[in-house]
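Each remark here refers to the structure printed beneath this line.
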Amino acid sequence: MTFLKRAASVAAVAALAATTALTASAETTKLRIQTHYAPETVSGKLAAQYIEDIQTMSGGEIEVEMFYSSSVVKSVETFDAAATGILDCDMTGGGYQTGKNSAFQFVGDIMGGYSTPYQQLSWLYFGGGKEAAAPLYNKYGMELIGWWVYGQESFASSKPIEKVADFKDWKFRSPPGMETKIFEKLGASPIVMDFTEIFTALETGIIDGADASGLANNVGLGLYDIVKYANFPGFHSMPSDHLACNKAVFDAMPESHQRIMKVAMEALALRTALTFEKKNAEAAAQLREQGVTLSQWAPEELAKFRAAAQATWPEFADTPEAKALVEAHMTYLGQLGLVSE
């Protein structure tokens with residue numbers, strides 16, 4: 001055998017051995033994840049990008065079966081479905097679990113707190129948020145992987161919503177939790193219903209308006225095809241959508257897979273905030289052209305809402321986990337100068 005042939009043979013054997021070693025050491029993580037977002041919405045597309053990212057970065061070792069529009073169980077049931085093994089991960093939001101523990105309000109949507117998604121994300125990653133939230137998720141057999149925050153939400157309404165007085169007798173879809181209490185105090189009639197039921201409820205007149213999502217997502221849902229009033233920029237609600245996984249499933253994953261999922265969530269968080277800066281502005285321009293009236297609230301009206309919201313926080317700090325989260329928020333909001341005197 002010539003030297004070149006022998007060298008080529010040795011190289012081939014070495015390559016085969018390396019391939020065999022990699023195959024032998026490779027571990028596969030298979031996950032079933034549900035989100036409440038429809039695949040055609042901006043958030044739905046961002047969720048799909050996250051799934052593509054973790055599958056690609058893991059070299060295909062992480063495999064995901066993704067369910068959109070709460071197609072397996074209702075949005076509010078996603079968390080328990082993941083905790084009990086029907087699914088593996090919940091990509092909805094903590095706000096759906098306030099009936100389980102009021103502390104979830106303060107990882108889902110504090111309301112009347114932070115002004116931008118960047119402030120809210122900085123609390124989670126650098127203001128003690130993850131440390132305060134971890135025991136809450138772990139208590140129910142789940143692990144918080146991270147957040148993606150699209151910014152302030154806008155209403156969809158069949159009548160103008162320009163000031164606090166306009167909330168009087170306004171029937172609107174509300175997520176469960178603290179929001180219902182705040183808006184009842186302001187004279188509205190919140191009706192809790194699943195995210196997937198909003199379109200039909202508006203279409204049939206069961207509700208006058210909806211707190212659904214950010215302006216661009218609302219457009220994707222077709223809400224302004226039915227009603228012709230909105231507010232922009234939003235102010236009342238800035239939900240933190242989460243990715244939370246069954247803790248036993250997550251703990252059993254290779255550390256490299258855990259790291260990929262967590263770091264990819266940080267990328268998703270930034271991508272979401274930046275995307276919605278652009279998409280909401282584009283949606284606003286589009287809606288104005290279509291004859292939808294967008295109202296921007298005056299500072300004094302915003303102050304009335306913030307006061308009502310912050311006065312309601314203590315009512316929901318009724319468990320040890322909730323108290324710890326409110327304390328963490330208040331400390332950080334104080335540092336940012338966002339807590340009312």
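Scanning the stretch 238-252 for residues that are buried (at least 23 other Cβ atoms within 10 Å of the Cβ) and either in contact with a strand residue (DSSP E or B) (Cβ under 6 Å, 6 or more places away or on another chain) or free of Cβ contacts under 8 Å to residues at least 60 places away in the same chain (or both) yields P239, S240, D241, H242, L243, A244, C245.
Residues in the stretch 236-295 that are in contact with a Phe, Trp or Tyr (Cβ under 8 Å, 6 or more places away or on another chain), among the basic types (K, R) and over 26 Å from A82 (Cβ atoms): there are none. Only helices (runs of 4 or more DSSP H) whose full extent lies in the stretch 97-178 are considered here, and the ones with at least 1 residues that are small (G, A, S) and farther than 26 Å from K45 by Cα are 129-139. Here P233, P239 are screened, and the one residue that is at pLDDT below 95 and farther than 22 Å from Y96 by Cα is P233.
Considering every residue within the stretch 6-27, establish whether at least one is closer than 25 Å to G94 by Cβ and modelled with pLDDT of 85 or more. No, the stretch 6-27 has no match at all. When the test is whether a residue is surrounded by fewer than 20 Cβ atoms within 10 Å (Cβ to Cβ), more than 24 Å from the chain's Cα centre (by Cα) and hydrophobic (A, V, I, L, M, F, W, C), A324 does not pass it. Give the residues of the stretch 150-181 that are crowded, with 24+ Cβ neighbours inside 10 Å and on the phi > 0 side of the Ramachandran plot, sorted by residue number. Of everything in the stretch 150-181, just one residue is crowded, with 24+ Cβ neighbours inside 10 Å and on the phi > 0 side of the Ramachandran plot, namely G151.
The values are calculated or read from the model by the stated rules, or taken from the named source; none is laboratory data. For clarity, every value in this text was computed on a predicted model and none was experimentally measured. Glycine gets a Cβ as well: all are built from the backbone with ideal geometry, and neighbour counts include every protein chain shown.
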